[in-house]
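J.: Starting off with a structure, shown below.
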Amino acid sequence: MKPRRTALIAFVIDAALVTVFVLIGRRSHGEADNVGGIVGTLWPFLVALVVGWLVTWAWRRPLAIVWAGVPVWLMTVALGMLLRTSAGQGVQPTFIAVAAVVLGVFLVGWRLVGLPIARRRRRRSAADARLAVDAIGAVGAVDEVAR
């Protein structure tokens, strides 16, 4: 897969998981599922996620756990809480702890699963390319013998 596409997919997965976190949290607290309420809860974390991606240059190695996953997770939690506070939304210590754990599992966890899969695919693609080159070389050798 091309690096830009990998980065885009990784960012979309991160944003989707942050959205899932917000939806689960709102539902567990019995808050309405109206768009305004969801957006009001979601925006601090999405802004923090974008800033995390920019500050850490996560698009360069979007599947990397240490260089993308952990820093993006920490930035999303820390800046997300600061933005919530500045917007007058509640930030209790238990909420910070729950958000840190859930977002950690989400933002780092999917990379723990995705990185080995991506590596396996890359190795398979490289092996397929070597086989193709070998096959082309074999055909060329047969042509030389036939002449």
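Rule-based calculations on the coordinates, nothing more; no lab input. Keep in mind it's a predicted model, so treat the numbers as computed, not measured. With ideal geometry, Cβ positions are generated from the backbone for all residues, glycine too; neighbour counts draw on all protein chains shown.
J.: Could you grab the relative contact order for the stretch 3-111? Cα pairs under 8 Å, six or more apart, rounded to a whole percent. Show your work: numbers first, answer last.
T.: Working: 108 pairs, mean separation 32.7, N = 109.
Normalised by residue count, the contact order of the stretch 3-111 is 30 percent.
J.: Here is a further query. Sort 58-66, 74-82 by the packing proxy (mean of other Cβ within 10 Å over each peptide's residues), most packed first. Mind dumping the intermediate values first?
T.: On the way: 58-66: 17.4, 74-82: 20.3.
Highest-to-lowest ranking by the protection proxy: 74-82, 58-66.
J.: Once a ≥ b ≥ c are taken as the square roots of the eigenvalues of the Cα gyration tensor of the stretch 1-120, is the result rounded (a/c under 1.5), prolate (a/b larger than b/c) or oblate (a/b not larger than b/c)?
T.: The shape class here is prolate.
J.: Please compute the net charge surrounding residue 10, taking Lys and Arg as +1 and Asp and Glu as -1 over other residues with Cβ under 12 Å from its Cβ.
T.: Details: positive: 4, 5, 60, 61, 111; negative: 14.
Net local charge, residue 10 excluded: +4.
J.: In addition: Note the full-extension length gain between residue 12 and residue 64 as 0.36 nm times their separation in residues minus their Cα-Cα distance, in nm to one decimal.
T.: 17.2 nm
J.: Turning to a different aspect of this structure: State, to one decimal in nm, how far the label point of residue 78 lies from the label point of residue 4, with both points 7 Å from Cα in the Cβ direction.
T.: Placing both labels 7 Å along Cα→Cβ, they lie 3.2 nm apart.
J.: In nanometres, what is the gap between the two model label sites at residue 89 and residue 35, each 7 Å from Cα along Cα-to-Cβ?
T.: For the pair residue 89/residue 35, the computed spacing is 1.8 nm.
J.: Using the beta-carbon distance between residue 117 and residue 19 and R0 = 25 Å, what value does 1/(1 + (r/R0)^6) give for FRET efficiency, to the nearest 0.05?
T.: 0.65
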